[in-house]
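For reference, the structure is listed below as structure tokens.
The values are calculated or read from the model by the stated rules, or taken from the named source; none is laboratory data. These numbers come from a predicted model, not from an experiment. With ideal geometry, Cβ positions are generated from the backbone for all residues, glycine too; neighbour counts draw on all protein chains shown.
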Amino acid sequence: MKRQLSSCEVPVGAATPTGAAGRRRADRPLIARFDPTHFRWRGIESLPYKAPENGSLAWRGVERFVLVGGAGEPTAFQLRYFEIAPGGYSSLEQHRHAHAVLVVRGRGQVRIGDDVYRVGPMDFIFIPPAVPHQFQAGRGRFGFLCPVDAVRDRPRPVVQRRVRRLPIRRRAGTMESKSGTMRSSTGSGQRRRA
């Protein structure tokens with residue numbers, strides 16, 4: 001009988017992305033202890049976010065940490081932690097894969113399409129495929145976890161459009177702006193106007 005793979009595995013020997021391979025061994029268990037003083041995992045190295053670029057894929061002050069999936073582990077995903085320095089921002093981009101993001105440090109803003117939302121610790125963000133998005137730190141460091149498929153399409157630049165700044169009032173289960181736009185935080189992606 002052929003062994004079934006879970007959704008978290010890829011066949012042994014299949015191509016996996018390279019990244020933080022270096023000293024880590026994909027065939028050994030790993031426990032990376034968290035250092036709350038520096039907000040880092042011991043043994044997980046900071047990697048460049050991307051190659052420096054201009055235009056809509058430009059970015060500033062972003063560090064990337066691949067917690068799993070970058071050292072040849074037999075997984076079909078990568079779990080990444082991004083940290084943005086005060087005043088920094090990720091590239092404005094879009095791609096065919098979705099994003100699920102969990103904010104774990106500081107406060108910042110996320111642009112999703114033409115809307116901008118303020119977010120903070122333990123806020124969950126779902127960004128559907130092909131929707132332009134960008135993350136920006138506030139006055140302090142802004143960090144979030146972002147799992148993605150190990151094999152995925154590359155980011156594409158976004159044509160700049162006018163962005164609406166939406167002050168957010170928090171209510172249980174929803175994010176609501178003063179303009180009346182409401183988004184469910186249940187992940188349904190539903191949107192309605194008041």
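Odds and ends about this structure:
- Hits in region 69-102 (condition: hydrophobic (A, V, I, L, M, F, W, C) and either surrounded by 21 or more Cβ atoms within 10 Å (Cβ to Cβ) or within 22 Å of ARG152 (Cα to Cα) (or both)): ALA71, ALA76, PHE77, LEU79, PHE82, ILE84, LEU92, ALA98, ALA100, VAL101, LEU102
- For region 77-125, the tally of residues that are in a strand (DSSP E or B) and of a type outside the set (A, V, I, L, M) stands at 21.
- Tally, over region 27-43, of residues that are assigned to a strand (DSSP E or B) and under 12 Å from LEU67 (Cβ atoms): 3
- Residue in region 139-151 that is of a type in the set (A, V, I, L, M, F, W, C), over 24 Å from GLU45 (Cβ atoms), touching a residue at least 12 places away in the same chain (Cβ under 8 Å) and crowded, with 17+ Cβ neighbours inside 10 Å present: no
- Residues in region 31-51 that are surrounded by 14 or more Cβ atoms within 10 Å (Cβ to Cβ) and under 13 Å from ARG105 (Cα atoms): PHE39, ARG40.
- Residue check for ASP149: modelled with pLDDT under 95, of a type in the set (Asp, Glu) and in contact with a Phe, Trp or Tyr (Cβ under 8 Å, 6 or more places away or on another chain): yes
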